[in-house]
Amino acid sequence: MHDHNNIRLPEGSIEKETTTLNLGPTHPATHGVFQNILELDGERIIKADSTVGYIHRAFEKIAERRPYYQITPLTDRLNYCSSPINNMGWHLTCEKLLDVKTPKRVDYLRIIIMELARIADHLICNSIVGVDTGAYTGFLYVMQYRELIYEIYEEVCGSRLTTNIGRIGGFERNFTNTAFQKLEKFLKEYPGVLEEFENLFTRNRIFVERTKGVGGISASRALNYGFTGPNLRAAGVDYDVRVHSPYSSYEDMDFIIPIGTTGDNYDRYQVRNAEMWESLKIIEQAYRKVQEFKGAEAEVFHADVPAYYLPEKSDVYTKMEALIYHFKIVMGETEIPPGEVYNSVEGANGELGFYLISDGGRAPYRLHFRRPCFVYYQAYPELVTGGMLSDAIVTMSSLNLIAGEMDA
Amino acid sequence: MSLTNDIIKTRLTEKFGELLGAWEEPYGMLTFTAASDQNLKVMNFLKEELGFNFLTDITAVNYPDRKGEELAVVYHLHNLVDNIRMRFKVFAPVEKPDIYTATGIFSSANWMERETYDFFGVNFVGHPDLRRILNVDEMDYFPLRKEYPLEDQTRIDKDDEMFGR
């Protein structure tokens, strides 16, 4: 028998029973492997119990025997909607440990890639919120621009989803002209698309009524629950790692942190849209700065740290030093200083932190990922309890939960 | 006046004295060790008096060679107003890894502690729901402890038809 204590029945009414609904782990509306055991009174949720871990892959353990450069592919598989940010976060953590200073041009190129990834991620999240409220058109329409972003990744690193982009110290190769042409095309066409996307949703009555006042959280609760990223900013706290502890020369960029007030699904949607506009601004600035480099400087795409930066393959075959360093890096013979580093980047859904302890060996002694959505997903029962089942679906997608990241 | 590592250190030393030790600043982040039963008092002091209102992370590290303090629970805290981060550790013996739970101070500690329990077996005393979170419930060991090494990738004695070693 179910626990009836939570339901107050009117005098003289017949006894009421609640329903237990197993939502997930594989359910088309959950967009990922999430399980929630819901206790329902009609369509109203009176209790939710989340289970996570269905795609746990023990990355932290695997990382303990991999050399540093082989951990990048593991980070791809955390938040796979914006893997370049995870890759860069990992490179930046290593560079902090190894005390590697990257040239400005590398920083700006990284910013371009990271902001493209942020746009791709926000685009998916917001359009999925649209899908869950009944509008498939927006989702399909913006997909072609995510595709364009993926083509840019492809030009830079050769892959699309799990990018493994860049190396410790910079990129594996310089951006090609095609990459810049595609970027220009994106910068030219995307504002119009985003505007149309906003026209479709922002003042759409069905969308507003489905999202406004649903799944809200106060700023103090959000902080207490460890919210970060757009979800925290939607609740009104202007915390952004890009501004609070700038990395990769974000301090050279001029942008604002959009914030919301109520922390509900509509605010989260609005904050993400506003962030996409800011990201566009950042990309434009970074691209202008990249174009200002002339001559030899315009060819710089990695830091001059031969001991840590994997050399180009053609050099390995023809140059002695490159061969030696290649051998040392691959065989794990490079000097890694012992140390303890916490480094974080502003991932698309929050503060993505890397806590790395090195004992001087070829692999980390301990590596811990602070995955933003693992931390804030625990607030989900509080957000949906008392609401309707169909609102819980929208809340879930508007939180931008990525199962791969949560389960690490 | 904004906080600096020195101010935090002075304030903490005034309050807790000898209970805190091993002061370090690796890569600029203030780090210290607290006596294992003081973690909540330290955290509460940091939150209420010094404005560390955001719990960034809880995790653990296993040092099998340190007798009596094999498990280190590591807390990362962030003061969002003065924008300063810090970290502190408490150590526990692996035979009796009891540490007080921080769920009363930060709701976010709930799953972080469950994860730490899941992988290291740290018993968070007073935790409302200390179950495994990422691993299966039937698991009877704590996989991130160093006593469970990963399988040797070069082993050749294993014949696996499906995956072809």
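The values are calculated or read from the model by the stated rules, or taken from the named source; none is laboratory data. Remember, predicted model here, so these are calculated numbers, not experimental data. Cβ: placed from backbone, ideal geometry, glycine included. Neighbour counts: every protein chain shown.
Taking segment A:382-401 as the range and being of a type in the set (A, V, I, L, M) and closer than 16 Å to A:ILE46 by Cβ as the test, the residues that pass are A:LEU383, A:VAL384, A:MET388, A:LEU389, A:ALA392. Confirm whether A:VAL106 is of a type in the set (A, V, I, L, M, F, W, C) and over 21 Å from A:PRO372 (Cβ atoms). So A:VAL106 passes the test. Of all the numbered requirements in (1) within 14 Å of chain B (Cβ to nearest Cβ); (2) outside any helix (DSSP H, G or I); (3) free of Cβ contacts under 8 Å to residues at least 60 places away in the same chain; (4) surrounded by 17 or more Cβ atoms within 10 Å (Cβ to Cβ), A:ILE37 misses one, and that requirement is (4).
Residues of segment A:120-146 being buried (at least 18 other Cβ atoms within 10 Å of the Cβ) and among the polar types (S, T, N, Q), which ones? Listed by number, the residues that qualify are A:ASN126, A:SER127, A:THR133.
Residues in segment B:96-126 that are of a type outside the set (S, T, N, Q), within 12 Å of B:THR59 (Cβ to Cβ) and touching a Ser or Thr at 6+ places or on another chain (Cβ under 8 Å): B:ALA109, B:MET112, B:GLU113, B:GLU115, B:VAL122. Once segment B:74-100 is narrowed to residues that are away from chain A (no Cβ under 14 Å) and under 24 Å from B:GLU48 (Cβ atoms), the residue that is surrounded by the fewest Cβ atoms within 10 Å (Cβ to Cβ) is B:TYR100. Selection of segment B:115-148 for residues being aromatic (Phe, Trp, Tyr), without any contact (Cβ under 8 Å) to a residue 40 or more places away in the chain and facing chain A (nearest Cβ under 10 Å) yields only B:TYR148.
Entry remark, segment A:355-390: residues being touching a residue at least 24 places away in the same chain (Cβ under 8 Å), in a strand (DSSP E or B) and either more than 10 Å from chain B (Cβ to nearest Cβ) or more than 14 Å from the chain's Cα centre (by Cα) (or both) number 6 in total.
Here is a yes/no grid of residues against (1) touching a residue at least 24 places away in the same chain (Cβ under 8 Å); (2) within 20 Å of A:ASP76 (Cβ to Cβ):
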{"position": "A:LEU116", "(1), (2)": "yes, yes"}
{"position": "A:ILE124", "(1), (2)": "yes, yes"}
{"position": "A:MET143", "(1), (2)": "no, no"}
{"position": "A:TYR150", "(1), (2)": "yes, yes"}
{"position": "A:TYR153", "(1), (2)": "yes, yes"}
{"position": "A:THR176", "(1), (2)": "no, no"}
{"position": "A:LEU194", "(1), (2)": "yes, no"}
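When segment A:311-354 is limited to residues that are among the aromatic types (Phe, Trp, Tyr) and without any contact (Cβ under 8 Å) to a residue 40 or more places away in the chain, the one that is farthest from the other protein chains (Cβ to nearest Cβ) turns out to be A:TYR317.
Condition check for A:HIS56 on (1) crowded, with 20+ Cβ neighbours inside 10 Å; (2) within 25 Å of the chain's Cα centre (by Cα): one failure, at (1).
The single condition among (1) closer than 20 Å to A:GLU275 by Cβ; (2) more than 20 Å from the chain's Cα centre (by Cα) that A:GLY169 does not satisfy is (1). Across segment A:245-271, the qualifying residues are those that are surrounded by 18 or more Cβ atoms within 10 Å (Cβ to Cβ) and part of a helix (DSSP H, G or I), and the one among them that is nearest to the other protein chains (Cβ to nearest Cβ) is A:TYR250.
A:ARG65 passes every criterion in (1) in contact with a strand residue (DSSP E or B) (Cβ under 8 Å, 6 or more places away or on another chain); (2) at pLDDT below 90 apart from (1). I'm trying to understand the selection: among the residues of segment A:97-136, which are under 20 Å from the mean Cα position of the chain (by Cα) and either of a type in the set (S, T, N, Q) or at positive phi (or both)? Of everything in segment A:97-136, those that are under 20 Å from the mean Cα position of the chain (by Cα) and either of a type in the set (S, T, N, Q) or at positive phi (or both) turn out to be A:ASN126, A:SER127.
Of all residues in segment A:196-227, those satisfying the criterion of being within 14 Å of another protein chain (Cβ to nearest Cβ) and free of Cβ contacts under 8 Å to residues at least 24 places away in the same chain are A:SER220, A:LEU223, A:ASN224. Hey, any hits in segment A:315-327 for a residue that's modelled with pLDDT of 90 or more and part of a loop (DSSP other than H, G, I, E, B)? Looking through segment A:315-327, at least one residue is modelled with pLDDT of 90 or more and part of a loop (DSSP other than H, G, I, E, B).
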